[in-house]
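The values are calculated or read from the model by the stated rules, or taken from the named source; none is laboratory data. Keep in mind the model is a prediction, meaning the values are calculated, not measured. Every residue, glycine as well, gets a Cβ built from its backbone with ideal geometry; the counts of neighbours run over all protein chains shown.
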Amino acid sequence: MALIVQKYGGTSVGSVERIQNVARRIAKFKAQGDDVVVVVSAMSGETNRLVALADAVSGNNPNPREMDVVLATGEQVTIGLLAMALNSIGVPAKSYTGWQVAVKTDSAHTKARIDNIDDTAIHKDLKEGKVVIVAGFQGVDADNNITTLGRGGSDTSAVALAAALKADECQIYTDVDGVYTTDPRVVPEARRLDKITFEEMLELASLGSKVLQIRSVEFAGKYRVRLRVLSSLEEDGGGGTLITFEEDEQMERVVVSGIAFDKNQARINVRGVPDKPGIAYQILGAIADANIEVDMIIQNVGAEGTTDFSFTVPRVDYKKALEILNQIKEHIGANEVSGDDTVVKVSIVGLGMRSHVGVASTMFRTLAEEGINIQMISTSEIKVSVLIAEKYTELATRVLHSVFGLDKA
């Protein structure tokens, strides 16, 4: 007997038929003697519908507390329907909203973080043989206000529950059957990975892979939750990918495990600024004050008392960043502010890069042979990222996937 936490996303519960399919899947786990706690998202499209309603009523400026009240109703519908589906096939089930459990969070409405979970009621129901269904994405703060965790928060809810319950495994069911070496829509030869480490998954999630929400991976790594990604659309889950710990890996590490790309990138150039202490703060401080995230950064060696400064921001913040810098252009003494929002960040990730030399040079040589110019470079111990023109996204991903042998089993 095992204690398993399962999470089903919006597409997995997007219709009555799919909810019934989920119920039948859960029933199989109960039949083999497992205890099951299920976390669900709102039905696909429901959260967008609720956001549109809130914007329409509030003139696109909804009160954050009331926004959470509205958004939390999506998951409440799903938990009730799934509990009904299970009970109708003879599997006792009970549903809980996030605040009934309670999943206790801070008070940052629409982007709350989990502080702790009261698992008393869940353990009681499990002892009585029930399947427990918990609404993902939501919780309650110290003042009993409903809170939500932000987009993709149901993954985090599931991992947090698995940690609190000391579950044997947390299974994330989605519309793909695991983690691939890269996006198979771009590279048909991409392979599903049987295993990947938390470090590698965390890098891939932060670099553009959409399989798991990054906060859920961080949570799982911190509390050592055994995590598996499976398909909700295939009978056996499609085999899935186990996300595990480096010390659990007995096989020889491959050099590169996966390739990610992120099109939500834009490059900002600030040219001819005084080459003096504090200039980076003057530029990036103004960007930070506008709550804009900065990723890759390059400051060139100064010449004749001036230097050039380049960095990347999310593409959605590109115009806002340009406006801010043009407003302070004279104050910081810049000659020119320019940018480009037709760029993409392509990254290679792998624990094996720690013990192999020449990985970055292989990446750079491969791109050069294809006539792809590298605009910016960023590295860590287990990844190398480059910024290139967006039009080369598919070509760069395909050739890198091939040169590092990711198309070979």
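Descriptive notes on the structure:
- Among the candidates 78, 110, 147, residue that is at pLDDT below 95, surrounded by 15 or more Cβ atoms within 10 Å (Cβ to Cβ) and of a type in the set (Val, Ile, Thr): 110
- Selection within the stretch 150-174 - outside any strand (DSSP E or B) and touching a Gly at 6+ places or on another chain (Cβ under 7 Å): 153, 154, 157, 158
- Flag if residue 268 is more than 30 Å from residue 17 (Cβ to Cβ), surrounded by 22 or more Cβ atoms within 10 Å (Cβ to Cβ), within 18 Å of the chain's Cα centre (by Cα) and in contact (Cβ under 8 Å) with a residue 12 or more places away in the chain: no
- Residue check, residue 345 of a type in the set (D, E, K, R), within 21 Å of residue 255 (Cβ to Cβ) and assigned by TED's automatic domain parsing to the domain that holds residue 318: yes
- Pick from the stretch 374-407, criterion touching a residue at least 40 places away in the same chain (Cβ under 8 Å) and of a type in the set (D, E, K, R), ranking: surrounded by the most Cβ atoms within 10 Å (Cβ to Cβ): 383
- Residues satisfying the stated conditions in the stretch 262-314, i.e. farther than 25 Å from residue 384 by Cβ and hydroxyl-bearing (Ser, Thr, Tyr): 281, 306
- Close contacts from the stretch 352-363, counting a first residue that is on the phi < 0 side of the Ramachandran plot and a second that is exposed (fewer than 14 other Cβ atoms within 10 Å of the Cβ), with Cβ to Cβ under 8 Å and a gap of 6+ residues or different chains, come to 353/381; 354/381; 360/379.
- Among residues that are free of Cβ contacts under 8 Å to residues at least 12 places away in the same chain, under 15 Å from the mean Cα position of the chain (by Cα) and surrounded by 15 or more Cβ atoms within 10 Å (Cβ to Cβ), residue 216 is not included.
- Of the strands (runs of 3 or more DSSP E) entirely within the stretch 1-103, those holding at least 2 residues that are within 25 Å of the chain's Cα centre (by Cα) occupy 3-8, 35-40.
- Beta carbons closer than 8 Å, at least 6 apart along the sequence or on distinct chains, pair a first residue in the stretch 316-329 that is among the acidic types (Asp, Glu) with a second that is surrounded by fewer than 15 Cβ atoms within 10 Å (Cβ to Cβ) for 317/290; 317/293.
- Residues that are without any contact (Cβ under 8 Å) to a residue 60 or more places away in the chain and either part of a loop (DSSP other than H, G, I, E, B) or not aliphatic (A, V, I, L, M) (or both), drawn from the stretch 227-241: 228, 231, 234, 235, 236
- Residues satisfying the criterion are present in the stretch 281-292 (criterion: under 22 Å from the mean Cα position of the chain (by Cα), surrounded by fewer than 18 Cβ atoms within 10 Å (Cβ to Cβ) and either part of a loop (DSSP other than H, G, I, E, B) or at pLDDT below 90 (or both)).
- Of the residues making up the stretch 164-191, just one is aromatic (Phe, Trp, Tyr) and closer than 18 Å to residue 226 by Cα, namely 173.
- Here residue 95 passes the criteria (1) touching a strand residue (DSSP E or B) at 6+ places or on another chain (Cβ under 8 Å); (2) surrounded by 17 or more Cβ atoms within 10 Å (Cβ to Cβ); (3) more than 23 Å from residue 19 (Cβ to Cβ) except the one numbered (3).
- Flag for residue 156 being modelled with pLDDT of 90 or more, at negative phi and of a type in the set (S, T, N, Q): yes
- Number of positions in the stretch 8-43 that are surrounded by fewer than 17 Cβ atoms within 10 Å (Cβ to Cβ), farther than 18 Å from residue 130 by Cα and touching a residue at least 40 places away in the same chain (Cβ under 8 Å): 1
Here's the yes/no breakdown for (1) touching a helix residue (DSSP H, G or I) at 6+ places or on another chain (Cβ under 8 Å); (2) outside any helix (DSSP H, G or I); (3) surrounded by 12 or more Cβ atoms within 10 Å (Cβ to Cβ):
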residue	(1), (2), (3)
318	no, no, yes
322	no, no, yes
330	no, no, no
339	yes, yes, yes
344	yes, yes, yes
357	no, yes, no
362	yes, no, yes
367	yes, no, yes
372	yes, yes, yes
